[in-house]
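Please read the structure below before turning to the comments.
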Amino acid sequence: MKILVLASGGDAPGMNRFMWEIYRKFRNDVYFAFAGFTGLVNGQIFPLSEVIDKKKRNSAGVVTKSSRCPEFKHAKYFNMGLENAKKFDVVVILGGNGSEKGAKRLFESGVNTIFVPGTIDNDVEDCHYSIGFSTAVKEAVYTVENTMPSIDAFLNACLFEVMGRENSSICEEVARQVDADYQVVDEKTLDYEKMKNVILKKYIASSSAKIIVRENIANITEIASKLNDMLGMNIVKTQIVGRTQRGGKPTRQELSMATKFAKETVRCIKTKVFGVRVLADENLNIIVTEFK
Ligand code: F6P
């Protein structure tokens with residue numbers, strides 16, 4: 001059986017473990033498309049054995065490389081990718097909700113695909129956990145916890161920007177774990193009056209507010225500047241957590257979930273269950289569903 005794996009979109013900690021587990025079962029039958037759909041379109045397809053490395057199985061990043069490939073939406077490039085995908089008995093696609101659409105379209109065009117959620121954003125529909133999420137949260141919590149003592153020493157307040165392009169899962173979970181004073185998850189919660197009051201209340205109590213802000217809502221420096229103007233004091237600082245969330249060392253939960261996703265993918269391949277999404281339910285049990 002010829003198996004193709006690819007990682008698409010933002011890399012996510014735990015992807016290497018997933019790749020390793022697939023390789024461990026099928027060895028030289030496994031190939032990869034370099035940098036995801038980009039390599040699929042361009043025919044950059046190689047044996048996984050060329051890049052897989054047991055020593056990297058618990059590291060962040062992804063040995064196959066990943067990329068965003070907006071061209072894949074266009075018929076010309078999609079068809080180029082389709083031709084290459086058809087050379088395989090099964091194509092395993094690891095990515096977020098955009099990659100899922102690509103996997104579904106390939107399946108509808110006659111390719112045996114299996115989609116697996118790999119994105120820190122945790123934005124895959126019907127799925128309660130995607131590979132990368134717990135590490136992304138852990139890194140952001142670490143940043144908040146290691147920044148606040150210094151913020152507190154000056155009786156300042158701090159806005160922390162976390163990733164999550166169109167999804168507030170990371171923001172909400174980080175806010176919960178650090179016991180944030182306020183969270184900005186969307187335009188509605190970007191409420192300056194509320195933020196000002198939260199900051200002021202803490203300040204009067206000789207304490208410091210921590211506010212978690214989801215990226216892509218507004219420029220965090222501008223939010224801070226507006227708050228400082230409203231407060232009439234220069235006490236609101238900012239910290240962008242950024243790509244440490246994707247580059248962080250995978251948590252135990254990450255490695256365990258990546259292994260579970262891989263085991264189920266192996267089972268699907270062996271039993272020839274294709275055109276499916278391997279997801280996690282609310283109890284984090286792995287389930288297999290058809291594309292929607
Ligand atoms: O992959 C998800 C993600 O990390 C989002 O949270 C973020 O908006 C985006 O990728 C950043 O993408 P890039 O690294 O390509 O700028």
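The values are calculated or read from the model by the stated rules, or taken from the named source; none is laboratory data. Everything quoted here is computed from the prediction, not taken from an experiment. Here the Cβ is made from the backbone with ideal geometry for all residues, glycine too, and neighbour counts use every protein chain on show. The area values use the complete protein model at the heavy-atom level, side chains included, leaving out ligands, DNA and RNA. Shrake-Rupley method; radii C 1.70, N 1.55, O 1.52, S 1.80 Å.
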Those residues that are in contact (Cβ under 8 Å) with a residue 40 or more places away in the chain, open to solvent by 30 Å² or more (accessible area, probe 1.4 Å) and not polar (S, T, N, Q), I need them from segment 215-242; list them, please. Glu215, Lys237, Ile240
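Each row is one residue, and each column tells you yes or no for (1) without any contact (Cβ under 8 Å) to a residue 60 or more places away in the chain; (2) assigned to a helix (DSSP H, G or I); (3) under 20 Å from the mean Cα position of the chain (by Cα).
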position	(1), (2), (3)
Tyr77	yes, yes, no
Glu83	yes, yes, no
Phe88	no, no, no
Val92	no, no, yes
Contact list, first residue from segment 38-59 and free of Cβ contacts under 8 Å to residues at least 24 places away in the same chain, second anywhere and of a type in the set (Lys, Arg) and open to solvent by less than 60 Å² (accessible area, probe 1.4 Å), beta-carbon distance below 9 Å, six or more apart or interchain, is none
If you take the residues in segment 44-75 that are hydrophobic (A, V, I, L, M, F, W, C) and farther than 16 Å from Ile93 by Cα, which one is nearest to the chain's Cα centre (by Cα)? Ala60
Among the residues of segment 195-205, is there at least one that is under 30 Å from Arg68 (Cα atoms), open to solvent by 30 Å² or more (accessible area, probe 1.4 Å) and either within 16 Å of the ligand (Cβ to nearest atom) or free of Cβ contacts under 8 Å to residues at least 60 places away in the same chain (or both)? no
If I ask for residues that are in contact with a Lys or Arg (Cβ under 7 Å, 6 or more places away or on another chain) and within 16 Å of the ligand (Cβ to nearest atom), which ones from segment 14-57 would you list? Asn16, Ala35
Are any of the residues in segment 118-125 on the phi > 0 side of the Ramachandran plot, modelled with pLDDT of 95 or more, surrounded by 15 or more Cβ atoms within 10 Å (Cβ to Cβ) and small (Gly, Ala, Ser)? no
Just one listed residue, out of Glu161, Glu145, Glu166, Glu108, is open to solvent by 30 Å² or more (accessible area, probe 1.4 Å), at pLDDT 95 or above and within 15 Å of the ligand (Cβ to nearest atom), and it is Glu161
Name the residues in segment 24-65 that are in a strand (DSSP E or B) and open to solvent by 50 Å² or more (accessible area, probe 1.4 Å), would you? Tyr31, Phe46
For segment 246-264, give me each residue that is surrounded by 16 or more Cβ atoms within 10 Å (Cβ to Cβ), more than 16 Å from the ligand (Cβ to nearest atom) and assigned to a loop (DSSP other than H, G, I, E, B). Thr251
